[in-house]
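Since the structure comes first, as structure tokens, the remarks are kept for the end.
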Amino acid sequence: MPKHLMINPAEMRAKSSVDFTPIPINQYQRSVADELAAGSLGKDDVLRIQRDMMLIRAFENMLDSVKKQGHYKDIQYDHRGPAHLSMGQEAAAVGQAYLLGIDDHIYGSHRSHGEILAKGLSAIQKLDDQSLMTIMRDYFDGDCLRVVEKDATGDVKSLATDYLVYGALAEIFAREAGFNKGLGGSMHAFFPPFGIYPNNAIVGGSADISVGAALFKHVNKRPGIVIGNIGDASAGCGPTWEALCFATMDQFKELWEESHRGGLPFIMNFVNNFYGMGGQPVGETMGFKVLARVGAGLTPDQMHAERIDGFNPLAVIDAIRRKKEIIARGDGPVLLDTVTYRFGGHSPSDASSYRERDEVEAWQKLDPIKTFAANIVKAGICTADDIDGMQAWVDEIILKAYKKAIDLSLSPHADLKKKACLLERVMFSDTRVEKLGDGVSDVRMPLEENPRVKQLAGRSRSGLDENGKPLPKQRCIAIRDALFEAIIDRFYADPTLVAYGEENRDWGGAFAVYRGLTEALPYHRLFNSPISEAAIVGTAVGYALEGGRALVELMYCDFLGRSGDEVFNQLAKWQSMSGGLLKMPVVLRVSVGSKYGAQHSQDWTSMCAHIPGLKVVFPATPYDAKGLMYSALLGTDPVVFFESQRLYDMPELFHEGGVPAAAYEIPFGEPDIKQIGNDVTILSIGATLYRAIDAARELQEKYGVSCEIIDARSIVPFNYEKVIESVKKTRKILLTSDACERGSALQTFAAKITQFAFDDLDAPPRGGG
């Protein structure tokens, strides 16, 4: 149904004011004894909080020693990878994780070792022994477990702790037994069975991804919340603001059906250590002073924003408890400003010359590990000797994991060349899934009753009549109709499929491909988003990482520049960086323009084709558009689906019988011969197919030159066999597309054709944009 929110001029122009409510700042004041008396924590809980903070500190002290001195406990190791450490921030991580279950998912930044360990330790505490053993045995066929169980002592939870510490360290050291086959490394490590989802090397990179994860939970009614952990400096990143705007859309609470109405189950948590590398957001590179104020600019409830003391784990636990209650009422999302401090530099190579030693020492005097230990000793929960014993236990775990992680006989490097090339195997999943998730698709009406489906049933499936003469376009199935048929069919088959982007819902999209979907689909499956290209793609990434399928649109190809990181660094990379564990079933639709000048008419297929991890297609006929869209929406790889605005009304002129009404798939990578010839081969990408046809007709009529015309259809992957066979016959090839010739996909095609068919060519390949 169309939007129905009346914009009343009398109301909008009336004199008024906006009132803001006070933002709580560090309001938590209870002591350990208070929490014990209230029954919210027991003695074992308090000891576990202390233990977890100490383990995280020991883990990162070990990494700091390795990076700065080349050894730990006098055991040499040269680690050449990154290590962005967070000594000082342990209370913020442990406090956040304390109440979270495995259905609560965290996404983090490049400084996330502590968050990984804290969330993992919390999960170990909550899971029973059988569940823990099942997870460890099943994860990558038990590769990590086999290393740690050889000398295991103690109970299953102790084994799981060894597993967590070793698995994270092995990943940091690029070992094959690491949590992500050593392909993620320090800044990308994660472990989904414990609710630990990808961390990100790009500042603010997890902002929109985590919003997409929360969107998946909301749309598909999955339990748990999502927390996006990003640094305070990332508040200056465009995608972070876009993510916040997406997360706080009014439609979640005002337009979506009652069954899905309510705010996203999401907390945007700014881990505020007051530095972005060397720059200081407060007083230098930003103007907000108190980061929690940002929430006031987004929603009337100010995103329930609050600043909390991240040096006190109990204050963080209290905040998470209260914010989870808000989310459970459907009143999310929430913004937290968690104050903390990193004692070290941005990385071990950073001398911290941008801050005074007195400042660091002032914070170190408040070191949460020391102050919390003193508080629990004062409360009579344990003795100083008990703390020392805890430290010895922690040091033993870290040392054991370190020895195993650097031993190449136990922990070989991730070998990208063996086993048929690991990287090649995990770059694409190349799998086909009929439906993601269980259940039945939410729809408004039977498919056969859809008005557009009925309308298309009366149109010719071909653009030619029985005598081969062209029919009027308005009487035929066009490319926009063929795309619609594939898309609506998949919406009825896959309950997780959602579509959103710029102007998707209310009038069929900018180019009428979605006309008819509004009647068929409820709001939570088809909706408009902010004009926030980064968030559109980034949230689709998060939605897919959680197990859903997203179809998103940027309207114009030129707008890819507004979502560059999300397309090139996020959408393309997570399957490979996860060691093939995660899938990325996202289809990104973009159109190539023809009439709006330099900023709305570019063909950027080559930019996408250049990036490993993306599949790129550009159909030019209705038959190919429908078949390739089916393949895209049944696969589990990211596809950038290019469409030409010149061709949306083009009927089918090549495939005998026209566009089948039934479902069918066209495999990626297979070009199609549109016209058989003998004298010259023309390889076309996109809309230039029809100009090639016209040129071939003229060449035949005027000069008797017979052209064989091949439509690439797919750019990545691409099978050269048909092209090479054609070149062997014609001995000449011309390549054509609308893209700029310099650095184009045509240049790659020409180079490969020269390489594969050098002896068969009478002249070099020619052509261009």
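A few notes on this one:
- Cleavage-rule hits (chymotrypsin sites (Phe, Trp or Tyr not before Pro)) in the stretch 564-609: DSSP loop, at most 12 neighbouring Cβ within 10 angstrom: Tyr596
- Residue-normalised accessible area of the chain, given per residue in Å² at a 1.4 Å probe: 40
- Candidate lysines - alpha carbon under 22 Å from Lys365, same-chain residues fewer than 8 apart omitted: Lys378
- Ellipsoid equivalent to the stretch 1-69 - semi-axes via the Cα gyration tensor, in Å: 50, 25, 15
- The share of alpha-carbon pairs in the stretch 291-367 lying farther apart than 22 Å comes to 42%.
- Charges were assigned to the Cβ only: +1 to each Lys and Arg, -1 to each Asp and Glu. The resulting dipole of the stretch 653-734 about its Cα centre is roughly 300 debye.
- Normalised radius of gyration (Cα atoms, divided by 2.2 N^0.38 Å) for the stretch 43-96: 1.33.
- Pairs of alpha carbons in the stretch 210-319 whose separation is greater than 24 Å (percent): 29
- Mean Cβ count within 10 Å, highest first, over the residues of peptides 12-24, 618-630: 618-630, 12-24
- Reference-scaled alpha-carbon Rg (2.2 N^0.38 Å with N residues) for the stretch 500-614: 1.08
- Largest-first principal axis extents, alpha carbons of the stretch 369-478, Å: 94, 45, 23
- Vicinal HN-Hα couplings computed from phi for the stretch 61-74 (Karplus, 6.51 cos²θ - 1.76 cosθ + 1.60; Hz; Gly/Pro x): 4, 4, 5, 4, 5, 4, 5, 8, 10, x, 7, 9, 6, 6
- Solvent-accessible area, 1.4 Å probe, carbon plus sulfur percent, for the chain: 52
- In the stretch 183-232, one over the average inverse separation of all distinct C-alpha pairs is 11.7 Å, which is the Kirkwood hydrodynamic radius.
- All C-alpha pair distances within the stretch 673-748, sorted into 10 Å bins from zero, spread as 20, 53, 25, 2 percent across the bins.
- Calculated P(r) tail over 19 Å for the stretch 542-697, as whole % of Cα pairs: 57
- Ranked by how many other beta carbons lie within 10 Å on average, peptides 332-341, 37-46 from highest: 332-341, 37-46
- Computed as a quarter of the hull surface, the mean projected area of the alpha carbon convex hull for the stretch 146-244 stands at 7.9 nm².
- One equal scatterer on each Cα of the stretch 68-220, no solvent, Debye formula: the resulting log10 I(q)/I(0) at q = 0.13 Å⁻¹ is -0.61.
- Both numbers refer to the Cα atoms of the stretch 454-563; Rg and Dmax are 16.1, 52 Å.
- Recomputing volume of the Cα convex hull per residue in Å³ from the coordinates shown identifies the correct label among (i) 211; (ii) 232; (iii) 185 as (iii).
- In order through the stretch 126-137: 3J(HN,Hα) via Karplus (6.51 cos²θ - 1.76 cosθ + 1.60), integer Hz, x for Gly, Pro: 8, 7, 7, 4, 5, 5, 4, 5, 4, 4, 5, 6
- Annotation: amide H of Tyr72 within the under-5 Å range of Tyr77, sequence separation 5 or more or interchain, hydrogens built in the peptide plane.
- Whole-Hz Karplus values for the stretch 223-240 come out as x, x, 10, 10, 10, x, 9, 9, x, 5, 5, 6, 5, x, 8, x, x, 5 Hz, taken residue by residue from phi with 6.51 cos²θ - 1.76 cosθ + 1.60 and θ = phi - 60°; glycine and proline positions read x.
- For Ala414, the residues whose modelled amide H falls within less than 5 Å of its own, excluding neighbours fewer than 5 places apart on the same chain, are Arg175, Glu176.
- Restricting the stretch 437-475 to GluC sites (Glu not before Pro) that sit in a DSSP loop and have at most 10 other Cβ atoms within 10 Å of their own Cβ leaves Glu466.
- Rg to Rh, two decimals, where the stretch 40-133 supplies the alpha carbon set and Rh follows Kirkwood: 1.03
- Listed by chain and number, the lysines whose C-alpha is less than 21 Å from the C-alpha of Lys404, apart from same-chain residues fewer than 8 away, are Lys67, Lys68, Lys73, Lys150, Lys157, Lys181.
- Judged by the mean number of other Cβ atoms found within 10 Å, the most tightly packed of the peptides 426-438, 266-278 leads the ranking 266-278, 426-438.
- Estimated translational diffusion coefficient (Stokes-Einstein, Kirkwood radius over Cα pairs, 4 °C, 1.567 mPa s) of the stretch 334-414: 78 µm² per second.
- What separates the Cα centres of the stretch 521-562 and the stretch 353-406 is a distance of 44 Å.
- Cross-link reach list, lysines versus Lys752, counting only Cα pairs under 27 Å and skipping chain neighbours closer than eight places: Lys417, Lys418, Lys419, Lys573, Lys615, Lys674, Lys722, Lys728, Lys729, Lys732
- Built amide H within the under 5 Å cut-off of Leu683, gap 5+: Ile710, Leu734, Leu735, Thr736
The values are calculated or read from the model by the stated rules, or taken from the named source; none is laboratory data. Predicted model, so just to flag it, every value in this text is computed and none were measured. Because the Cβ atoms are built from the backbone with ideal geometry, glycine has one as well, and the counts that use them run over all protein chains shown. Please note that ligands, DNA and RNA were not included when accessible areas were found on the heavy atoms of the full protein model with its side chains. Shrake-Rupley method; radii C 1.70, N 1.55, O 1.52, S 1.80 Å.
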